[in-house]
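Please read the structure below before turning to the comments.
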Amino acid sequence: MQKFSVCVAVVIIASFFPFSCIYGQSGYTDHNDLSVRLQDLAGEYPELASLETLDQTDGGKEIWLLSIGEGELENRPAIAVVGGISADHPIGTELALLFAEKILKNSEREDVNELLSRSAFYVFPDMNPDARAQFFDPLRYERTGNDYPVESVERDSRLGEDPYTDLNGDGMITLMRIEDPAGDWIPHPEDERVMVRASYEKRETGNYKVLAEGVDKDLYDLFNMHREGMVDFNRNFTFDYPAFTPRAGEHAVSETETRAIADFLFGAKNVFAVVGFGPADNLSEPLAYNERAASGRMVTGILEGDVPVNRLVSNKYNEITGGENGGRISGSEGDFFQWAYFHYGRFSFSTPGWHVPQISSQDERGGEQLSFLRWAEEEDLENVFVPWQQVDHPDYPDRKVEVGGIAPFVMKNPPYRFVEKTAGDHYRFLLELAKMRPVIDITNVKTESLGSDLHRITAEITNTGTFPTVTELGERVRWVQKTVVNFDPENDQELVSGKRIEVLDRIEGKSGYECSWLVRGSGTVNIRAGAESTGFKQIDINL
Amino acid sequence: MKCINIKKIYLLPLVFIMTAAFSLSSDAFGQSVDQIYKAAGTPATPKVEVHWNRYYDFGGVTEICRKLAEAHPSLATLESIGESYEGREIWLLTITNLDNKPHREKPGFWIDGNIHANEIQGTEIALYTAWYLLENYGKNEFITNLLDEKVFYIAPTINPDGRDNHMYEPNTGSSPRSGTIPLDDTGDGVAAGDPYDDLNDDGHITQMRRRTPLGQYRECPEDPRRMVRVGPGERGEFELLGLEGKDSNLDGRVNSDGIGRYDPNRDWGWNWQPDHIQRGAYHYPFALPENRAVRDFVVAHPNIAGAQTYHNMGGMILRGPGTSEDEQNMTFSDRNVYDALGELGDKLLPGYRYLVLFEDLYSVYGGQIDWFHFGRGIYTFTNELFTRYLYFYEQYEDREEAGKAPYQFDKHLLFEDAFVPWEEYDHPQFGKIEIGGFKKNFGRVHPGFLLETDAHRNMAFTLFHAYHTPQLEIHEVDVKDKGGGLKEITAVIANSRIIPTHSGIDLSRNIERPNYIALEGGEVLAGMRVLNRDLNVIEEQKTDSDVIEIDNIPGMGHVIVRWIVEGGRGYTIEVDSAKGGVVRKDF
């Protein structure tokens, strides 16, 4: 009953409160608008785009997949473009959606047209729609858990007992600081809006406790650990899975969202690269080789042969985007980015797509927040900081409690006017990436007659693309299709030497592998080479 | 007399149909009930007759499950917990006294078999257990108490597609291990492109040999069916060409790409690793529909406190961990529980040894046993059924002796029923060869006459395990009048079995909710855990003090709780434990 009345109050307050239109979130696309725009695209470009829903989330929202390309796609090198990986980062969804819109709107352009007829794009714009909805909710907070009703992190079988409470009625969950001689937080010496931990070495004395804004309904020590959304898409994959930690799920790939995309991708043998718009970054800065992590049974570091590809792609990325979109992390436990490489075996690229320009500071504490506030001032952004304001808190009746801090989402998602530029950059980057796809050709075909109807056929199976046919890691992965060479003589021809079926390990870009066969008898020989992720090439040779 | 005869004739066609495999009739396979003299420990006149010296296909398993549930409506229910890849039901029997309290309020015990398709006898052992429990209820005191207090969840086969494939398609005793999803084993882009070929059309994939003066093998002088390698410097008469088949996809290898070849026991949600690290893993944990059905059931039944899975072979009673990484997570208290159970298993199962999976067998990531233990906090054993020891009750140290034993056993005890004699065959690729060898129903599964014995012994081990799931009782309630209308109520809650309500791993990962001990009646002013009653070491629970939360009630141990209460005359204490069940006491 109490919870109900709080919720009603929040809705009423939020609908009048100016912060509810905090930089407009105008521009950002909620799930309904996203659905409409995707349906429009599929309707407008029926020859080039098809829309399907992979499943429905526990919150009843569709998990969309827009497949882009002309004709049958399954035997064409494809890039999976994934947004909404981290639901507190809705710009990821925008970048994926805008990519789809741009490539289709430009489909008449010659280079785009060429790509659409020879490669394919699978666009998954919104992988965690339940959680992303919080961005558009009257009560806004950075939520990453979906609507799966798992037990709370304390696993005490009491569901969702302690959601956030909007104490100051501004429609946002920020921070709460409580004056306390036993607290170990202080305002930052360079910007007192930002709270940081007191430094023992600097002999600072803390005077605040800092918690997330809320009421501890069941009086445990953990504040606001229980949230209605429970499993984070980007913590639920099998690589480095953080079992029994908050928002990781019952086990790896336990969720509708993770299973939906994994099932699709395992079935899509033509995907050679995965590009995610999420927290991880290996584009502004490529992954470094670490021999120890890359060796042994349990590989946790990029393999040496895959490093040059990452460097090449990263150079291209920085050339196009100006190198300003650097992220912070190269992967996190159970995330999608690392899974796509380490377990799915494909080239995996990820970028947040936008980040706050960093400034240097004397005092390293709170650096990101300081950078953000400085940048927000330069750009004249409003309503990004909620000034500390005293509230009456039921759990601390005789104490000074203030609510305030940086507004949710604003550090990871810029005002919409910034999205347009970065979306254009990422669209161009994805086109360039598709142009680098592996392509199998059969070249330098030679037939020699050795007399008495005996022929030697020599051919080079060539990768004319820039990317290798598969990742070095992919050579080990059962679900990665390597190049297959099928040699089919006619029935009355005898294959004297050479293989009818040969599976080739990775072929580097712009290089080839020579095959030769000895055939007795005249007639037509058929050679087919390739894989779904490189395309197939077929030739007939008349002997 | 005459009248009876007429009735019998009239019923004959029906009886005949019903007794085709097993029957509900009072006739036990042709002998009438009054001719039977009971052997100790075996139900003499069961409601459902089943032969325990043969194997049943999926249809047969289904039929036995149905008959058991129909014949024992107050003790058993049958449900399908999901469907296999090919659409067969994953059957589950719930067995308990269904009338005394809801089965979810009793400690549960899980049994499954046949996760590996060729390891078929786990199914019969699980079915034997179900049958034995049902047929002994009300007749044997131990079994009756067990079904009054505990609930058994028995899934006889969790790989029904693979089971029928093993029985009806050409296979060896080792194939298939997986279910029947066709996968590409050779990387040529074609799934299941080169399966076994049953050249002589006998349903068994045996060996191929070819006479050649360059051979390395000859017939064993004692038993010419057996091929032995010649010594150094010797020439034999035969070469071995591998398992029966041909190179169907023309890739230069025989039988290179059969159905499946994934491992359903590398598909579970604890410490899962992909195929390139743990061979056999599928896409991600519980990607296989059969395992997902089990997972969903187990997650929905937190009362499961113990579990047994059946494999073959080797005579092993295995516990986790499956990998060395988890050795640090196997707590001292959990190890003690396993040792107490496993060491009795050693005694009940001659020829079997109690072992640790990763140490004594091999390392397994994503194994079922580890998900049950580390993911759900359930004490679980995997028994590797059948061992060569059962041939002649001998352990073989010597390889040669071990090699001979199955031939001697087949010759003298099975009268060569288990062997396909070598016969000539004209092979399209190898020319004139001979095909022969042991049938797929020999080597890994029990010969008929040994099956019931081993079923019973394995069952006895699981019943001991199930008996020792937590048994909670409200041992003592003490009410003290504190004056001024206040009462102090102290309750001692005891667990009279070996298994705690929360395993060590459960406690360290907070897998299951705590036990709730609730007082009803009167107004609870304060509630507390009494850590030491004599020295008055007390820990107050400040919120929800009428329901005291207790992390664990240890095996063979007890906990003490106390309330200060105002008012009330009659009181009820309810102990609600996920794995220990629900017990109540009024006072």
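Readers should treat all values here as calculations from the given coordinates under stated rules, not as data from a laboratory. From a predicted model like this one, the values you see are computed outputs, not experimental measurements. Here Cβ is always computed from backbone atoms with ideal geometry, including for glycine, and neighbour counts include all displayed protein chains.
Between A:LYS499 and A:PHE266, the simple label model (points 7 Å from Cα in the Cβ direction) yields a spacing of 2.7 nm.
Please give the charge dipole size of the protein assembly as shown, origin at the Cα centre, charges +1 on K and R Cβ atoms and -1 on D and E Cβ atoms. Round to the nearest 20 debye. Provide the component values of the computation, followed by the final result.
Working: 112 positive and 180 negative charges, 446 e Å.
Here the protein assembly as shown has a charge dipole of around 2140 debye.
Axis of helix A:2-16 versus longest Cα principal axis of chain A: the two differ by about 80°, to the nearest ten degrees.
Length available on full extension from A:LEU518 to A:ARG197: 0.36 nm per residue minus the Cα-Cα distance, which gives 108.0 nm. Between B:LEU348 and B:ASP426, the contour length at 0.36 nm per residue exceeds the Cα-Cα span by 23.1 nm.
Take every Cα pair under 8 Å whose residues are at least 6 apart in sequence, average their separation, divide by the length of the stretch B:472-586, and the relative contact order is 35 percent. The HN-Hα couplings worked out from phi for the stretch B:104-119 by the Karplus form 6.51 cos²θ - 1.76 cosθ + 1.60 (θ = phi - 60°) are 5, 9, 10, x, x, 10, 9, 9, 9, x, 6, 4, 8, 3, 7, 8 Hz, whole numbers, x standing for Gly and Pro. Listed values for the stretch B:123-134 are Karplus-derived 3J(HN,Hα) couplings in whole Hz (6.51 cos²θ - 1.76 cosθ + 1.60, θ = phi - 60°), namely 4, 5, 5, 5, 5, 4, 4, 4, 4, 5, 4, 5, and x replaces Gly and Pro.
For the stretch A:330-370, rounded, prolate or oblate, judged on the Cα gyration tensor with a ≥ b ≥ c (square roots of eigenvalues), a/c < 1.5 rounded, else prolate if a/b > b/c? Present the calculation step by step, with values, prior to reporting the outcome.
Working: a/c = 4.38, a/b = 2.70, b/c = 1.62.
Prolate, since a/c reaches 1.5 and a/b exceeds b/c.
Close amide H partners of B:LYS246, meaning residues 5 or more places away or on another chain with modelled amide H under 5 Å apart, are B:ASP197, B:ASN255.
Shown for B:THR123, B:THR144: other C-beta atoms within 10 Å of each C-beta, ranked fewest to most, produce the order B:THR144, B:THR123. Going by neighbour counts of Cβ atoms within 10 Å, the residues A:SER449, B:SER175 line up, fewest first, as A:SER449, B:SER175. By the helix-only formula, in which each DSSP H run with n ≥ 4 contributes -39500 (n - 2.57) and the sum is divided by residues, the protein assembly as shown has a 222 nm mean residue ellipticity of -7500 deg cm²/dmol. When the alpha carbon gyration tensor of the protein assembly as shown is reduced to an equivalent ellipsoid, its three semi-axes come out at 54, 50, 24 angstrom, largest first. Computed with the Debye formula from one identical point scatterer per Cα of the stretch B:472-586, without solvent, the log10 of I(q)/I(0) at q = 0.10, 0.11, 0.20 Å⁻¹ comes to -0.28, -0.34, -1.07. Backbone amide hydrogens, once placed in the peptide plane, bring A:PHE349 within less than 5 Å of A:VAL274, A:VAL275, A:GLY276, excluding anything fewer than 5 places away on its chain. Relative to the current alpha-carbon distance between B:TYR168 and B:ASP544, full extension at 0.36 nm per residue lengthens the span by 129.4 nm.
Under the criterion of Cα pairs below 8 Å and six or more residues apart, the relative contact order for chain B equals 13 percent.
How much FRET efficiency would the formula 1/(1 + (r/R0)^6) give for B:GLU520 and B:ASP360, where r is the Cβ-Cβ distance and R0 is 35 Å, rounded to 0.05?
Numbers: r = 50 Å, r/R0 = 1.43.
The pair B:GLU520/B:ASP360 has a calculated efficiency of 0.10.
Of A:GLY69, A:ILE302, B:PRO195, which is farthest on the positive side of the dipole of the protein assembly as shown, counting Cα position, with +1 on Lys and Arg Cβ, -1 on Asp and Glu Cβ, and the Cα centre as origin? Result: B:PRO195, furthest along the dipole toward the positive end.
What's the FRET efficiency of A:ASP55 with B:PHE332 using the Cβ-Cβ distance as r and R₀ = 51 Å, to the nearest 0.05? Provide the component values of the computation, followed by the final result.
On the way: r = 44 Å, r/R0 = 0.86.
Once rounded, the FRET efficiency stands at 0.70.
Going from the fewest other Cβ atoms within 10 Å to the most, the residues B:VAL530, A:VAL480, A:VAL82 appear in the order B:VAL530, A:VAL480, A:VAL82. For B:ASP184, the amide hydrogen comes within under 5 Å of the amide hydrogens of B:ALA192, counting only partners 5 or more places away or on other chains and with H modelled in the peptide plane. Between the stretch A:54-124 and the stretch B:508-558, the alpha-carbon centres lie 55 Å apart. Can you give the FRET efficiency for A:ASN315 and A:ASN290, using 1/(1 + (r/R0)^6), R0 = 30 Å, r = Cβ-Cβ distance, to the nearest 0.05? It comes out at approximately 0.90. With a simple spin-label model that places each label point 7 Å from the Cα along the Cα-to-Cβ direction, the separation between A:GLU74 and B:ARG235 comes to 5.5 nm. Inter-part distance, the stretch A:453-501 to the stretch B:113-139, computed on C-alpha centroids, equals 50 Å. Among A:SER284, A:LEU381, A:MET176, pick out the residue whose Cα is farthest towards the positive end of the charge dipole of chain A, where Lys and Arg carry +1 and Asp and Glu carry -1 on C-beta, about the Cα centre. In chain A, that residue is A:SER284. The stretch B:391-431 to the stretch B:459-475: how many Å between their Cα centroids? Here the two parts' Cα centres lie 42 Å apart. Applying the Karplus relation 6.51 cos²θ - 1.76 cosθ + 1.60 with θ = phi - 60° to the stretch A:27-39 yields 3J(HN,Hα) values of x, 5, 9, 7, 4, 5, 5, 4, 4, 5, 5, 5, 5 Hz, where x marks Gly and Pro.
Projected label points at A:ARG528 and B:LYS480, each 7 Å from Cα along the beta carbon direction, are separated by 8.7 nanometres. Per residue, the average separation of C-alpha pairs within less than 8 Å and at least 6 apart gives chain A a relative contact order of 15 percent.
Straight-line cross-link partners of B:LYS411 among the lysines, defined as a Cα under 18 Å from its Cα and at least 8 positions apart when in the same chain: B:LYS439, B:LYS440.
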